Every structure is written in C-alpha cells, then in structure tokens.
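Asker: Quick one: structure below, then a few questions.
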Amino acid sequence: MSPPLHNKAITDCKVEPRKGETVLTCSLDKTARLTRIASNNHICTWTLPVPLWSTCWDPTDDTIFFCGGIQNKLFLIDTKHD
C-alpha cells in the first residue's frame, strides 16, 4: 500500500491537461505534490508557508502551476527551477 499523499486534507487536485500523466494535489499541510498517475510514484513536493486551498496549471506552460493559500496568498511554481 502506498503512503498517503498528504498529512492533512487534500483541498484540490488537477490532472496535467496536455499529457494527462501527472496529478497535482494541494493540501492543508502546506504542500503541493506532483504524482505520476499510472504508477502512483511521487515526482516532487513543494512546501509553502501557508495551508493551500486550490491549484491550477498554467494554460500556456505545463511546467508552471499556481497554488492559492490562506491569507490571500498566491504562489507560482516553475517545476523547471525547483
């Protein structure tokens, strides 16, 4: 059995729209996590300073996504530069 994706509730998830091979999740545990769908393999986790409510992929670049957190915080994450 695979370990849980997050330590607290998952608040949003989005499948990468171009290839559909990865899912991006965000959580109240202050992390965004990228996971390969077919194998459930972890790709990367980003820890941010506040709990997260929502996420979305950049419509023009599949290496960029955004996370919205509490306190009206918005984070842009470029997976090419992690």
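Asker: Can you give me the accessible area per residue for the chain, using a 1.4 Å probe, in Å²? Each step should come with its number before you reach the end.
Answerer: Values: 5030 Å² over 82 residues.
For the chain, the solvent-accessible area averages 61 Å² per residue.
Asker: Determine the gain in length on full extension of the stretch T63-L48; use 0.36 nm per residue of separation and subtract their C-alpha separation, reporting nm with one decimal. Walk me through the intermediate numbers first.
Answerer: Working: separation 15, 0.36 × 15 = 5.40 nm, distance 1.77 nm.
Length gained, T63 through L48: 3.6 nm.
Asker: Out of the total accessible area of the chain (probe 1.4 Å, heavy atoms of protein only), what percent is carbon and sulfur?
Answerer: For the chain, the apolar C and S fraction of the accessible surface comes to 56 percent.
Asker: Could you give log10 I(q)/I(0) at q = 0.20, 0.23 Å⁻¹ for the chain, computed by the Debye formula over C-alpha point scatterers of equal weight, without solvent?
Answerer: The calculated log intensity ratios at q = 0.20, 0.23 Å⁻¹ are -0.85, -1.12.
The values are calculated or read from the model by the stated rules, or taken from the named source; none is laboratory data. Since we're looking at a predicted model, the values are computed, not measured. Each accessible area value is taken on the protein alone, full model and side chains, heavy atoms only, with ligands, DNA and RNA left out. Shrake-Rupley method; radii C 1.70, N 1.55, O 1.52, S 1.80 Å.
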